[in-house]
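Chemist: First, the structure itself, so that you have it in front of you.
Any read-out appearing in this document is the output of simple, stated calculations on the displayed coordinates, not a laboratory observation. This one's a predicted model, so the numbers in the text were calculated from it and none came from an experiment. Don't worry about glycine lacking a Cβ; one is built from the backbone with ideal geometry, like all the others, and counts go over all protein chains shown.
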Amino acid sequence: MKRMLATCLFATLVGTLPAFGAEGDAVARARMAADRLSATLRERVMTVMKEKGPAEAVKVCFAEAQKLTAELARTEHLSIRRTSLRIRNPANSPDPFERSALERLAAMKEQGSLPGEMIVPARVGGKQVLRYVKPILVQPGCLVCHGAEDSIPPEVKTHLQARYPGDRATGFAAGDLRGIVSVVVDE
């Protein structure tokens with residue numbers, strides 16, 4: 001009897017190991033993609049800001065951010081995007097899951113307990129996927145384009161209004177929750 005129980009227990013555990021390993025791989029892939037996107041965009045924007053000024057950095061965000069994101073999604077075989085409750089680009093509007101995650105993270109941030117990431121197994125379109133969310137916090141260098149309205153330089157405002165007429169991504173302070181990097185990985 002003990003031997004039969006041990007065999008059943010072992011079979012049950014072995015049956016769950018591939019799923020656990022796959023989830024671990026999915027988390028690692030999602031984390032790497034989110035970190036890479038954040039680093040690539042931050043580096044590109046800050047380089048242009050230092051070399052050519054903040055107005056040119058707005059042009060980089062407008063012309064390159066979506067392309068860089070799409071290229072990363074293609075090469076890594078996953079879905080990745082940035083979104084926020086206060087969007088600048090309508091193409092970055094949150095889906096229902098992302099909206100819920102953003103609201104939850106905002107509440108957690110207010111309580112002083114913002115996690116570095118959220119990992120949620122889910123079913124999307126009949127497929128098992130892993131949803132990964134990484135908060136984006138406003139850094140001091142971001143305030144040139146995302147800070148208080150009266151602190152944004154006029155030439156930056158002009159570029160923002162021309163490219164993003166419905167812009168709601170201003171009025172932030174350093175340390176605020178700006179949005180999230182959202183990744184979906186098929187398991």
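Chemist: Given just the C-alpha atoms of segment 71-149, how large is their convex hull per residue in cubic angstrom? Walk me through the numbers before you get to the answer.
Modeler: Details: hull volume 10.8 nm³, N = 79.
With only Cα atoms used, segment 71-149 gives 137 Å³ per residue.
Chemist: How far, in nm, would the chain grow between Ala91 and Ala28 when pulled straight, counting 0.36 nm per residue and subtracting the alpha carbon separation? Kindly include the intermediate steps, with their values, before the conclusion.
Modeler: Values: separation 63, 0.36 × 63 = 22.68 nm, distance 2.64 nm.
Extra length from Ala91 to Ala28 when fully extended: 20.0 nm.
Chemist: Compactness ratio of the chain: Cα Rg over 2.2 N^0.38 Å, N = residue count?
Modeler: Values: Rg = 20.2 Å, N = 187, 2.2 N^0.38 = 16.1 Å.
For the chain, the normalised Cα radius of gyration comes out at 1.26.
Chemist: Sticking with this structure for a sec: Roughly how many debye, to the nearest 20, is the charge dipole of the chain about its Cα centre, given +1 on each Lys and Arg Cβ, -1 on each Asp and Glu Cβ, and no other charges?
Modeler: Details: 27 positive and 21 negative charges, 73 e Å.
Once rounded to the nearest 20, the dipole reads 340 debye.
Chemist: Quickly estimate the mean residue ellipticity at 222 nm for the chain, helices only: each DSSP H run with n ≥ 4 gives -39500 (n - 2.57), and the total goes over all residues, rounded to 500.
Modeler: Working: 5 runs with 103 residues, N = 187.
Mean residue ellipticity, 222 nm, calculated: -19000 deg cm²/dmol.
Chemist: Now for a separate question. Which number gives the lysine pairs in segment 2-186 that have C-alpha atoms under 22 Å apart and are eight or more places apart or on different chains?
Modeler: 9
Chemist: Give me, ordered by chain and number, the residues 5 or more places off Ile136 or on other chains with an amide H under 5 Å from its own placed amide H.
Modeler: So Ile136 has HN proximity to Arg178, Gly179, Ile180, Val181.
Chemist: Could you check the spin-label model distance between Gln139 and His77? Points 7 Å from the Cα along Cα→Cβ, value in nm.
Modeler: Placing both labels 7 Å beyond Cα along the Cβ direction yields 3.1 nm.
Chemist: Now, a different point. Would you grab the residues whose amide H sits under 5 Å from the one on Ile152? Only those 5+ places off in sequence or on another chain, please, with H modelled 1.01 Å from N.
Modeler: none
Chemist: Convert each backbone phi in segment 168-181 into a coupling constant with the Karplus relation 6.51 cos²θ - 1.76 cosθ + 1.60 (shift: θ = phi - 60°), then list the ³J(HN,Hα) values in order as whole Hz, x for Gly and Pro.
Modeler: After applying 6.51 cos²θ - 1.76 cosθ + 1.60, I find 10, 9, 10, x, 8, 10, 4, x, 5, 6, 7, x, 9, 9 Hz.
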